[in-house]
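Quick notes on the structure that follows.
Here, each number is a calculation from the coordinates, and none is a lab measurement. The model shown is predicted, which means the values in this text are computed figures rather than measured ones. Here the Cβ positions follow ideal geometry from the backbone for every residue, glycine too, while neighbour counts run over all protein chains shown.
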Amino acid sequence: MNEFPVQPSPLLRAEGLTKTYPDGEVQALRGVSLDVERNEAVAIMGPSGCGKSTLLNLLGGLDRPTEGEIYFRGTPLSQIDRDQYRAREVGFVFQSFYVLSTLSAVENVQVPMFETTLDRRQRVERAEALIEQVGLAHRRNHRPMQLSVGERQRVAIARALANEPSLLLADEPTGNLDSRSQNEVLQLLNDLHQRQGLTLIIITHSPEVAAAVQRVIRMRDGRVLEH
Amino acid sequence: MRFITLILRNLLRRRTRTVLTASGLAVAIASVLDLVGIASNFERSFLTIFVGKGIDLLVVRAGISNQLSSNLDQKLGDKLRGTEGVAQVAATLIDTVGFEGAGIASALINGWESGSPLFKGLRILEGRAFEPNEKNVAMLGRVLALNLGKKVGDKLDVAGEPFRVIGIYEGESLFDSGALVVPLATLQQMMGRESQVTGFVIQARSPDPVAIADLRKRIEAEFPGVAATPARDYVQRDVQIRLSRVMAWATTALALLLGSVGMLNTMIMAVFERTQEIGVLRALGWRRSRVLRLILGESVCLGLFGAALGMVLAVVGLRALLLAPTARGFIDPNLPPAVLFLGLILGLLLSILGGVYPAVRASLLDPSEALRHE
């Protein structure tokens with residue numbers, strides 16, 4: 001049973017988000033409000049330090065806003081189990097991949113599945129399917145150090161999809177990639193959006209990524225300039 | 001992939017640190033097991049001497065904690081024989097002697113009367129027991145004979161006195177087999193303790209504990225200045241046994257402290273180094289409880305690895321200890337299963353003591369802060 005009732009759009013709504021870090025000196029967000037529709041692909045752009053990553057962390061349930069509220073399918077995040085929200089509804093992709101060096105590609109994909117009721121065989125089957133989906137079936141048993149940076153990011157994307165999330169949050173997913181790998185990853189994200197209807201929120205500095213999404217949200221000094 | 005696979009891979013990621021931490025634990029656990037094992041075997045062997053010979057009470061001078069320091073008049077034996085409820089009485093003079101040539105610093109020497117009930121439980125492997133009025137003859141325990149390289153008919157120098165080996169025996173305990181038995185009169189003369197004995201052992205007419213307790217009261221009332229103690233109580237109260245027990249448990253406490261500090265240090269370092277990774281796991285939806293289980297699981301696996309290594313080290317160490325002349329004939333190289341099991345419990349305890357704090361700390365990490373950690 002889905003813990004989060006399906007409600008009319010938007011999938012995600014942020015209202016008046018502010019985030020002040022505990023020292024009280026840095027106000028990373030200053031009243032950010034936005035909606036993200038289901039099946040939408042959105043890029044968030046802006047200079048370094050403008051609050052993009054802070055916003056992404058709040059939307060992904062990694063952090064709590066100082067003020068304001070985020071609604072997921074109409075339910076305030078403050079009223080739901082954030083661990084469960086992250087495990088079931090959100091997939092994270094990071095600029096530095098963060099794949100576990102001791103595990104093979106297919107094992108890395110299984111890591112989020114420990115929070116599900118899947119048994120070992122089901123975990124392996126699903127991970128194998130995801131690794132194939134990102135085009136790494138032939139590299140499934142390779143450790144991260146044996147993979148190219150582009151391949152590592154594809155493993156990270158497969159891992160983000162492990163629990164069939166409805167929302168994929170990517171923090172500069174192509175930031176550490178060469179142009180060829182960048183295109184491959186972008187193509188993969190585009191496919192996931194187009195074919196599976198996955199909602200994408202991507203932080204990026206890349207005009208290519210921005211050109212590939214439906215909407216660009218621009219930020220500066222903790223505020224949304226346009227969306 | 002199983003959860004345990006992830007735990008083991010994390011331990012293997014830093015092999016050197018894992019091996020060093022486990023080795024530290026192993027040394028601590030091995031020391032504890034050897035000391036507890038020696039103390040336990042010491043007590044068991046001591047008790048076997050009395051139980052095997054059917055001894056119900058030991059009569060020594062009241063107030064002494066070490067049997068060797070007791071001194072009683074041999075004539076008391078006749079009076080004890082006349083006490084109601086007494087079946088048999090045997091006098092014994094005990095001392096220690098060294099055999100420097102063979103590298104044996106200390107061996108028990110027992111002075112017994114010919115035909116004494118104390119011979120019960122000794123199996124003569126070679127030769128014979130001594131006859132009444134025979135002097136300067138010795139029966140050697142099998143282990144002592146082996147260590148001295150003596151056989152029946154050989155001459156033996158005991159504390160400057162010439163002796164002839166007339167028998168080799170096997171005792172029921174290591175103490176018996178590592179000792180020698182000489183005629184009581186010979187030992188009294190040698191030690192300058194004519195007509196003196198260390199004490200008497202008594203076999204009661206009835207094995208009923210109540211009857212033995214009554215007999216004990218009667219003896220103590222009738223003969224002031226002597227203490228009659230049941231064999232088990234006597235063994236447990238013996239100062240050397242108590243000392244060895246206290247030392248073993250003191251070492252255990254110290255090993256627990258040092259081992260858990262070592263484990264704590266390792267796990268805190270592991271958590272600190274992997275802060276970002278923990279942030280990633282939390283971002284992927286892992287609950288605090290799963291992070292806690294991961295870190296505690298690593299700690300427990302490390303503890304069990306250390307315990308297994310410690311048990312092997314304890315067995316090897318005890319056998320190596322037997323190479324030392326002072327230990328020969330006194331130490332039973334076999335660790336009882338209960339003592340080995342203690343190693344496992346110690347490993348678990350150390351890993352939990354050292355792992356709980358880092359695991360809780362890891363589970364309480366704020367995911368977004370952990371992800372920003374460099």
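Remarks
- Counted by Cβ distance under 12 Å from A:LEU177, the other residues give a net charge of -2, where Lys and Arg count +1 and Asp and Glu count -1.
- A Förster radius of 35 Å combined with the Cβ-Cβ distance from A:TYR21 to A:GLU208 puts the calculated FRET efficiency at roughly 0.65.
- In the stretch A:117-227, a dipole from Cβ-located charges (positive for Lys and Arg, negative for Asp and Glu) runs towards its positive end, and of A:HIS138, A:LEU168, A:VAL149 it is A:HIS138 whose Cα lies farthest in that direction.
- The slack between B:GLU100 and B:ARG14, meaning 0.36 nm per residue of separation minus the straight C-alpha distance, is 26.0 nm.
- Neighbouring partner chain Cβ atoms per residue of A:55-64, average, 10 Å criterion: 3
- Aspartates and glutamates with Cα under 18 Å of B:LYS150, excluding same-chain neighbours fewer than 8 positions away: B:GLU100, B:GLU126, B:GLU161, B:GLU170, B:ASP176
- A simple count of charges around B:ILE64, restricted to other residues whose Cβ falls under 13 Å of its Cβ and scoring Lys, Arg +1 and Asp, Glu -1, yields +1.
- Taking every C-alpha pair closer than 8 Å and separated by at least 6 residues, the mean separation divided by the residue count of the stretch A:102-161 gives a relative contact order of 50 percent.
- Under the convention that each Lys and Arg Cβ holds +1 and each Asp and Glu Cβ holds -1, the size of the dipole of the stretch A:122-203 around its Cα centre is about 240 debye.
- Range in chain A, longest, excluding exposed GluC sites (Glu not before Pro) [loop by DSSP; at most 16 other beta-carbon atoms within 10 Å]: A:38-227
- Kyte-Doolittle at least -0.5, axis length at least 27 Å by Cα - qualifying DSSP helices, chain B: B:15-52, B:239-273, B:288-321, B:337-363
- Note on A:GLN122/B:LEU304: beta-carbon distance plugged into 1/(1 + (r/R0)^6) with R0 of 30 Å gives a FRET efficiency of 0.55.
- C-alpha long axis of helix A:179-196 to longest principal axis of chain A, angle in °: 80 degrees
- Net charge dipole size for chain B [Lys, Arg +1 and Asp, Glu -1 on Cβ; Debye, nearest 20]: 1600 debye
- Mean Cβ neighbour count within 10 Å, used as a protection proxy, ranking A:194-203, B:191-200, B:128-137 highest first: A:194-203, B:191-200, B:128-137
- Distance from the alpha carbon centroid of the stretch B:1-65 to that of the stretch A:79-138 works out to 44 angstrom.
- Estimated distance in nm for a label pair at B:GLN240 and B:LEU364, the labels positioned 7 Å out from Cα along Cα-to-Cβ: 5.2 nm
- Degrees, to the nearest 10: A:149-160 long Cα axis against longest axis of chain A: 70 degrees
- Shielding by partners, peptide B:285-296 (average Cβ within 10 angstrom, other chains): 4
- In straight-distance terms, cross-link reach from B:LYS79 covers every one of the lysines whose alpha-carbon lies under 18 Å from its own, apart from those fewer than eight places away in the same chain; here that gives B:LYS217.
- Within 10 Å of each Cβ in B:7-15, the average number of Cβ atoms from other chains: 2
- Sorting B:17-23, B:211-217 by average packing, meaning the other beta carbons within 10 Å per residue, from highest down gives B:17-23, B:211-217.
- Spin-label model distance (nm) - B:ASN265 vs A:SER179, 7 Å beyond Cα toward Cβ: 5.3 nm
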